[in-house]
Structure formats: C-alpha cells, structure tokens
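Colleague: If you scroll down you'll find the structure; I have some questions about it.
Here, each number is a calculation from the coordinates, and none is a lab measurement. Bear in mind that the values here come from a model prediction, so they are computed numbers and not experimental data. For neighbour counting, all protein chains shown are included, and Cβ atoms are generated from backbone atoms with ideal geometry for every residue, glycine included.
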Amino acid sequence: MSLYYFIKQRFPKKEKRIDLRRIFDEHGKIPDEVLQDDNYFSKFALQLPEQLPKHPNRLGKLNYSTLGDYKTTFDLRTIRNIIIKQTSPPDDDTSIYEIFNRLNSGGMNLKPQEIRTSLYHSSFYDLLYRLNAETAWRKLLGITELDLHMKDVEVLLRGFAMLIDGAQYSPSMVKFLNNFSRKSKKMSEEQNKYLEGIFHSFLTSCGSIGERPFHGRKTNKFNISLFEAVFAADCRQAFERRDTDIGPINAAGFENLKDDPSFAKASLEKTTSTSNVKNRLDLAKKFLSA
C-alpha cells in the first residue's frame, strides 16, 4: 500500500486510517473517489532529512511524477515476496506467528492482533469487525473511535475464546488466542450467526449493571479480565443450550465480583496463568449465579 500510495501521490491522513481500513474491507480496494478526497488523503512528496548539513537529500520534496531519471529505476525495481508455510506440525502455528512477528520488528511494530488478522482472517473475524463497530459495544467500551491497532477486536476475541474454549485454556494468552483464531477459520456461517446473536443478547443483559460497568472504580479503565469472565459466565448456559436466551445480569452479584479480593488478585498478578484464568472464570460463574 505504501508503494501504491506513492505512485498515486496521495498519503492517508492518520486520523482517517481506521475509516480507510473499513472502506478497504468493504470494497477490496480504495475507490478512486475516496483516494481523491482531501478529507481522507493529502498530497504526497518525499520528506527526507539532510545527509550532511546544508546538503539537501537529492530525493527530498520529490514525488512519483517528479522523480526524473530515478523514475525508470523505481518502475523496474523488483518486489520480492517470501511465502512461509507451516507444514509440520500441522496444528501449531507458533513458528509462523514468531517469524511474522520478527519480520515486522522494524519500523512501526505490528501488535499481536494485527498479526492475527493477517494470519487467520476468516468469516468469524469479519463478524468481530462488525460487532466491534456497533454502537452498544462502543458505549460499553467507553471509546467511540475504533482502535488503530485492533486492541478492541482482541477484547472481543478473548471473550468468545473464553466462552468456547476457556475450560481448555493454557498459557500463553497469545498462543491461546492464536489457536482459537486458527480454529475459528472452520466455523460455519450458521455458527457465526449464532455467536452474533448471543453477543447481542449479552449486550442487552448488560443493561442491568449500569453504564461503563467494566471500568475500574479507581482507574476508570476498561477491565478486560472482568469483561471476558462475565461474558463467559453470563452466556455459558445459553451457549450449552444452543440458544440466545440470556436474562439480565445479576447486578448484586456483579458488584460483589468486582469487589472480591480473590478476583482482584487474579486480575492483577500473573493474569494469564492457568490458575488465575480458571479462578476468574469460576468466580464469575459463582457470583453471577448466586
């Protein structure tokens, strides 16, 4: 995309990159009318530092149409691609994930969820993107704008992973989410539609616990550990029955869970250990069913 934008002599505005990602997902490209829209893009020219004081970089302030003699060299330059495949063992993507991570160790590093999006894209991931943009979910998160590095998508992923595979959790969290993402590629449209329905029912059930219920009392930050535990506990019975009948969350039990010292400890120390993840899931189930 960097090469494409350079040739088009347009540069995406930072504050519009999330919108552009959504547009690209919808169209499979950036439509020309969007590319020429100054609300999304600005004109592009190279901004390069001086190699020596008072010696401007010879490519500075140039763009694709003003490269001059360099244009032919640029046009004929080879773009090399490296294709990495996991052949053995077939059920472990750890090596591919690590290689991808190391290849992106320069410049602006990709976050774990950005790497997963590249490696495990599926219809289930399309579902996560749709849910992530819904107003009720954004209100629950307390953040209007989508996160550029997909941290909000990862929160949703963790919730579904704990609901479906939480009983089999083992560290690390990165590996657990990678394995779940790989498995999710095999989910049917019917399964994805069901998960969408159960999530909508969960959002409705949260109406009984007030606004911003998953934010800390002191820090006012969204507590991922609290969210995933409550989501898994609240949806568990409906998931096992294969329906979406979820009643209002037990408000008193929810407040007791937030104040419980054992839950707080499991959410602050070694948060991704097997014992602490299991403890959080068990405590959420206990307090919400009380």
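Colleague: Once each part is reduced to its C-alpha centroid, what is the distance from segment 209-230 to segment 13-36 in angstrom?
Modeller: Cα centroid of segment 209-230 versus Cα centroid of segment 13-36: 32 Å apart.
Colleague: Quick one: order V34, V230 by neighbouring beta-carbon count within 10 Å, fewest to most.
Modeller: Ordered by Cβ neighbours within 10 Å, fewest first: V34, V230.
Colleague: May I pose another question? Put a dot 7 Å past each Cα toward the Cβ at H200 and K183; how far apart are the dots in nm?
Modeller: 2.6
Colleague: Something else about it: Find out how many positive minus negative residues lie around A233, taking Lys and Arg as positive, Asp and Glu as negative, among other residues whose Cβ is under 11 Å from that of A233.
Modeller: In short, +1.
Colleague: A follow-up question, please. Quick one: the Cα spread of segment 176-255 along its three principal axes, in angstroms, biggest first?
Modeller: Answer, in whole Å and largest first: 41, 28, 16 Å.
Colleague: So, one more: Could you list R80, R242 so that the one with the fewest beta carbons within 10 Å of its beta carbon is first and the one with the most is last?
Modeller: Starting with the residue having the fewest Cβ neighbours, the order is R80, R242.
Colleague: Return the inverse of the average 1/r over all pairs of distinct C-alpha atoms in the chain, which is the Kirkwood hydrodynamic radius, in Å to one decimal.
Modeller: Values: mean 1/r = 0.0455 Å⁻¹.
In the chain this quantity evaluates to 22.0 Å.
Colleague: Let me ask you something else. Report the charge-dipole magnitude of segment 137-235 in Debye, nearest 20, computed about the Cα centre from +1 at each Lys and Arg Cβ and -1 at each Asp and Glu Cβ. Please report the intermediate quantities before stating the final value.
Modeller: Working: 14 positive and 11 negative charges, 60 e Å.
About 280 debye.
Colleague: Taking the alpha-carbon set of segment 72-183, what are its Rg and Dmax in Å?
Modeller: 16.7, 59
Colleague: Below 8 Å, C-alpha to C-alpha, sequence gap of six or more: please give me the relative contact order for segment 135-290 in percent.
Modeller: 29
Colleague: Work out the FRET efficiency for S122 and K54 from their Cβ-Cβ distance, taking R0 = 51 Å, and round it to the nearest 0.05. All intermediate terms of the calculation are to be shown ahead of the outcome.
Modeller: Numbers: r = 54 Å, r/R0 = 1.07.
Calculated value: 0.40.
Colleague: Taking all pairs of different Cα atoms in segment 120-288, averaging 1/r and flipping that mean, what Kirkwood radius in angstroms comes out?
Modeller: In segment 120-288 this quantity evaluates to 16.1 Å.
Colleague: Let me ask another. Using DSSP to call loops (not H, G, I, E or B), can you name the chymotrypsin sites (Phe, Trp or Tyr not before Pro) in segment 152-231 whose Cβ has at most 12 other Cβ atoms within 10 angstrom?
Modeller: Passing both the DSSP loop test and the Cβ count: no residue.
Colleague: Please compute the contact order of segment 213-290 in relative form: average sequence separation of alpha-carbon pairs under 8 Å and at least six residues apart, divided by the residue count, as a percent. Don't skip to the answer; put the middle values down first.
Modeller: Values: 63 pairs, mean separation 27.8, N = 78.
Result for segment 213-290 is 36 percent.
Colleague: Please compute the modelled spin-label separation between Q47 and T135, points set 7 Å along Cα→Cβ, answer in nm with one decimal.
Modeller: 3.7
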